[in-house]
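Here the structure comes first, spelled out in structure tokens, and everything after it is commentary.
The values are calculated or read from the model by the stated rules, or taken from the named source; none is laboratory data. Owing to the predicted nature of the structure, the values given are computational and were not obtained by experimental measurement. Cβ sites come from the backbone with ideal geometry, for glycine too, and all protein chains shown count toward neighbours.
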There are 2 protein chains.
Amino acid sequence: MLSLKFEGGIQVETRKIPEATITRLSQYSKYLERLDYNGIDIVSSSELAEGVGVNSAQVRKDLSYFGEFGTRGIGYNVKDLLNYTLKILGLNRKWPLVLVGAGNVGQALCSFKGFNERGFSIVGVFDNDLTKIGKRIGKLEVFPMEKLPEVIKLHEIKIGIIAVPVRAAQEVADLMIKSGLQAILNFARVTLNIPENIKVKNVDLSVKLEILTFDLVT
Amino acid sequence: MLSLKFEGGIQVETRKIPEATITRLSQYSKYLERLDYNGIDIVSSSELAEGVGVNSAQVRKDLSYFGEFGTRGIGYNVKDLLNYTLKILGLNRKWPLVLVGAGNVGQALCSFKGFNERGFSIVGVFDNDLTKIGKRIGKLEVFPMEKLPEVIKLHEIKIGIIAVPVRAAQEVADLMIKSGLQAILNFARVTLNIPENIKVKNVDLSVKLEILTFDLVT
């Protein structure tokens, strides 16, 4: 559960926002981007619901956390709702990122177009493997770990991605936090020990497969 | 929400199980594997909770969907609870997978150790790109798309992974379903049109970053 204190916007909310709502808000926002790109001005809650695979009551409930949107019997203005969802998600700006770990996962993340489309860009890749340092991944040169604090400060980076083996993950997280990062996306399959004021999200690529197998056997 | 009709086990449940519970069950199960590997026999709900970053009431509530576990004041038998969570998740067997898309994401998935540790193994990689067909990713040769139905039937595969560009994803999904797959893990950033009897889970790598930025700006 997350607490929303949204300043400088249309309104200020203090109700708890479930993380599932934020996840769907990201999905609505991406679907609205597609509609806007295709020149569509108005969308109904049932069209928006179908576009992301939920029902329209869910759409209305999710959006109700953030204010009143749309006109009954007409729908939502695509551009307005898109801009508002981007603002809520903090995506009305660019987010430079650092990535530690230049292995297979790190390389895939560097080439992942979905980050750029949402304003994220990896501006530095780091590794402590001498066979990787100095090599290029796309436009980026792999730097030694010692350069991490400098790059974080130079670009005023708030978010780091960890894509290193389990045994190295905690040490990387500690260095990231010491260097001033406020949020970490962790691909290592280990629960990190992190101070309460630092945000962490873990990505476990096998979890969704396990939801599928659960569903297949029940 | 998922409905559990768990046959051949300790009990049969028909209550709806939230997907978040299944996700945490996967996390408990992985943590129990670590404890078991380290020779630990008994774990309390508060230790299990701390290990995956939730509170102990949540652990007890999640497990209560599936029966009564543990002994008050003592805790859970690690090996028993591990085996039971694996069984609930359908992981007391091997799951061969096919992967379509031999690009960066596909290559990262092929080398991802977390799949093997949970009984998943990619047994076939497919692409329609002539520059990729015939090349090797680890132990696997990239096959042309035409071979997909044959490999699915040969290995009696139930689950496929889509890691192709958005424009190709629906066509790949259609071929997978026609070839008999029952579940799809989709890395393409598009909502697939899928019959109701086929299970689909979408993986969107930017969503968790957006939960972090939401949290950083609110």
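A few points about this structure:
- Of the residues making up region B:109-128, just one is more than 8 Å from chain A (Cβ to nearest Cβ) and within 23 Å of B:ILE17 (Cβ to Cβ), namely B:GLY119.
- B:ILE152 passes every criterion in (1) surrounded by fewer than 22 Cβ atoms within 10 Å (Cβ to Cβ); (2) closer than 30 Å to B:GLU33 by Cβ; (3) more than 15 Å from the chain's Cα centre (by Cα); (4) more than 7 Å from chain A (Cβ to nearest Cβ) apart from (1).
- A:GLY106 vs. criteria among the small types (Gly, Ala, Ser) and more than 30 Å from A:ASP36 (Cα to Cα): yes
- Only one of the numbered conditions (1) more than 14 Å from A:GLY103 (Cα to Cα); (2) free of Cβ contacts under 8 Å to residues at least 24 places away in the same chain is violated by A:GLY134, and that is (1).
- Residue match in region A:84-91 (condition: aromatic (Phe, Trp, Tyr) and without any contact (Cβ under 8 Å) to a residue 40 or more places away in the chain): no
- Unique match (being without any contact (Cβ under 8 Å) to a residue 24 or more places away in the chain and out of contact with any strand residue (DSSP E or B) (no Cβ under 7 Å at 6 or more places or on another chain)) among B:VAL190, B:VAL166, B:VAL203, B:VAL207: B:VAL207
- Identity of the residue in region B:70-92, part of a loop (DSSP other than H, G, I, E, B) and touching a helix residue (DSSP H, G or I) at 6+ places or on another chain (Cβ under 9 Å), that ends up modelled with the lowest pLDDT: B:GLY70
- Of residues in region A:125-146 being surrounded by fewer than 16 Cβ atoms within 10 Å (Cβ to Cβ) and basic (Lys, Arg), the one farthest from B:CYS110 (Cα to Cα): A:LYS139
- Pick from region A:93-108, criterion in a helix (DSSP H, G or I) and without any contact (Cβ under 8 Å) to a residue 60 or more places away in the chain, ranking: farthest from the other protein chains (Cβ to nearest Cβ): A:GLY106
- Every residue from region A:161-199 that is under 16 Å from the mean Cα position of the chain (by Cα), more than 23 Å from A:LYS132 (Cα to Cα) and buried (at least 18 other Cβ atoms within 10 Å of the Cβ): A:LEU181, A:ALA183, A:LYS199
- Which numbered condition A:ILE122 misses (of (1) in contact with a Lys or Arg (Cβ under 7 Å, 6 or more places away or on another chain); (2) surrounded by 21 or more Cβ atoms within 10 Å (Cβ to Cβ)): (1)
- The conditions of being at positive phi and away from chain A (no Cβ under 11 Å) are not met by B:GLY90.
- Filtering region A:109-131 to residues that are in contact (Cβ under 8 Å) with a residue 40 or more places away in the chain and polar (S, T, N, Q) leaves only A:ASN128.
- On the stretch given as region B:27-45, residues that are within 22 Å of A:PHE214 (Cα to Cα) and among the hydroxyl-bearing types (Ser, Thr, Tyr) total 3.
- Every residue from region A:35-51 that is over 15 Å from A:GLY70 (Cβ atoms), more than 9 Å from every other protein chain (Cβ to nearest Cβ) and charged (D, E, K, R): A:ASP36
- The lone criterion from (1) outside any helix (DSSP H, G or I); (2) closer than 30 Å to A:PHE66 by Cα; (3) not small (Gly, Ala, Ser) left unmet by A:PHE115 is number (1).
- Residues being of a type in the set (D, E, K, R) and within 14 Å of another protein chain (Cβ to nearest Cβ) - total across region B:52-75: 1
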